[in-house]
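Structure record follows, encoded as structure tokens.
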Amino acid sequence: MSSEIEIGRSKRARRAYSFDDIALVPARRTRDTTEVRVGWQIDAYHVDLPVMASPMDSVMSPRTAILVGELGGIGVLDLEGLWTRYEDPGPALERIRQASPERATEVLQEVYRAPVDPGLIVERLAQIRQAGVVVAGRLSPGQTQRHWRTVVEAGVDLLVIRGSVVSAEHVSGAVEPLNLKRFIYELDVPVVVGGVTTYTAALHLMRTGAAGVLVGQGGGASSSVRQVLGLHMPMATAVADVAGARRDYLDESGGRYVHVIADGSVGNSGDVVKALACGADAVMLGAALARAQEAPGGGYHWGAEARHERLPRGFRSHVGTVGSMAEILNGPSNRADGTVNIMGALRRTLATTGYADVKELQRVEVVLAPYEAS
């Protein structure tokens, strides 16, 4: 049940909660950190960490996608990003990093006007495949029909179709919309699709045959979707609602399990833990990994929403640098703010609450305890 509040005589609103509004409660049992497991398997691919690296050019290059794979996660390369528009994206990245705050959005729009080169899609995916890690690439819903064949023939293992808001029922009188159900059914590779933030939208996406659903509106720390479009759903409620859709779809489909991946507002280890406690199987990290020394953004962070030619819905933000990619994911840490050794913190939470793995952690008791970080 959900409580509703009257905000006026003609409108009622449902109360929703962010990760900052909730906390986990230790259980009666604890266990040693060496006795917990954080591995994750989606489709045929098993990895050591329940982490996908966000397909944002400030986070993922072919080199950092390989690095995340070697560290135990899955790096997702933006196949409409700078690495598929430029043979050498170095000068474009430097322009973005050096732009003044007043001109940052204009510079983003300029450098992303170069067209996507299908040959570079093939080249970048081949580079990742040669490293022996899971090969994952992202396309936007609007460009999937144009580039999917190139991507599949290049040997992608996981195709991620990611936008701010993705639905299974897009209506258009101008162009033929992407029929996700037919597209996914006919495809030979597993598809992860999103974002969604509601039970109904997630259930419809699960019925398309997707292997995983992204929860959130993307962009995270660099998004201004709420300011520009007025759209927002706090992530604790969104993840719990979509996890409810997964449970009901499991019954409806006779046992087909769709993975729920929290994508947005997962900026530190506490957010990761709470996303998993609300029902996520894994998290997609953007700003958290943009803080790595190896990240292409050099301490800056931006997403696909920030480069839109006519209506930018994000911005270049400064997130700084806190350590190497290995330290951010697996430690050790010399900081007490949850930005380094994220997986170490997850293991500690599992040990403290007595659960053996991430799936068990979804049963943890959660309390409503709002706070503002000092």
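The values are calculated or read from the model by the stated rules, or taken from the named source; none is laboratory data. All values reported here derive from a predicted model rather than from experimental measurement. All Cβ positions, glycine included, derive from the backbone under ideal geometry; neighbour counts span all protein chains shown.
Assess whether V239 counts as being under 20 Å from V151 (Cβ atoms), modelled with pLDDT of 95 or more and not small (G, A, S). No; evaluated as a whole, the condition is false for this residue.
Checked across region 343-355, the condition of being more than 14 Å from L276 (Cβ to Cβ), within 19 Å of the chain's Cα centre (by Cα) and not hydrophobic (A, V, I, L, M, F, W, C) holds for no residue. The residues of region 125-150 that are touching a helix residue (DSSP H, G or I) at 6+ places or on another chain (Cβ under 7 Å), surrounded by fewer than 23 Cβ atoms within 10 Å (Cβ to Cβ) and either part of a helix (DSSP H, G or I) or of a type in the set (D, E) (or both), listed by number, are Q127, H147, T150. Every residue in region 316-350 that is in a loop (DSSP other than H, G, I, E, B) and either among the aliphatic types (A, V, I, L, M) or closer than 20 Å to R85 by Cβ (or both), please. Answer for region 316-350, where residues must be in a loop (DSSP other than H, G, I, E, B) and either among the aliphatic types (A, V, I, L, M) or closer than 20 Å to R85 by Cβ (or both): R316, V319, V322, A336, V340.
Residue under question is A221, and the condition is that it be closer than 27 Å to V116 by Cβ, part of a helix (DSSP H, G or I), under 13 Å from the mean Cα position of the chain (by Cα) and not basic (K, R); does it hold? First the steps, then the outcome.
Details: closer than 27 Å to V116 by Cβ: yes; part of a helix (DSSP H, G or I): yes; under 13 Å from the mean Cα position of the chain (by Cα): yes; not basic (K, R): yes.
In short, yes.
I'd like the residue in region 26-70 that is aliphatic (A, V, I, L, M) and exposed (fewer than 15 other Cβ atoms within 10 Å of the Cβ) and, out of all such residues, is modelled with the highest pLDDT. Before you say what the answer is, go through the steps one by one.
Here is the first cut: in region 26-70, the residues aliphatic (A, V, I, L, M) are 27, 36, 38, 42, 44, 47, 49, 51-53, 56, 59-60, 65-68.
Filter again for exposed (fewer than 15 other Cβ atoms within 10 Å of the Cβ), leaving 27, 44.
Details: A27: 85, A44: 95.
This residue is A44.
For R310, are the conditions met, namely being at pLDDT below 95, basic (K, R) and assigned to a loop (DSSP other than H, G, I, E, B)? So R310 passes the test. In this structure, R14 qualifies as over 25 Å from V192 (Cα atoms), of a type in the set (D, E, K, R), touching a residue at least 12 places away in the same chain (Cβ under 8 Å) and touching a strand residue (DSSP E or B) at 6+ places or on another chain (Cβ under 6 Å). Report yes if W40 is more than 18 Å from V273 (Cβ to Cβ), aromatic (F, W, Y) and touching a residue at least 12 places away in the same chain (Cβ under 8 Å), otherwise no. No: the conditions fail for W40.
Any chance region 95-105 includes a residue that's surrounded by fewer than 23 Cβ atoms within 10 Å (Cβ to Cβ), in contact with a Gly (Cβ under 8 Å, 6 or more places away or on another chain) and either in a helix (DSSP H, G or I) or at positive phi (or both)? Steps first, please.
From region 95-105, those surrounded by fewer than 23 Cβ atoms within 10 Å (Cβ to Cβ) are 95, 97-105; that's our starting set.
From what's left, in contact with a Gly (Cβ under 8 Å, 6 or more places away or on another chain): 97.
Subset that is either in a helix (DSSP H, G or I) or at positive phi (or both): 97.
Taking every residue of region 95-105 in turn, at least one turns out to be surrounded by fewer than 23 Cβ atoms within 10 Å (Cβ to Cβ), in contact with a Gly (Cβ under 8 Å, 6 or more places away or on another chain) and either in a helix (DSSP H, G or I) or at positive phi (or both).
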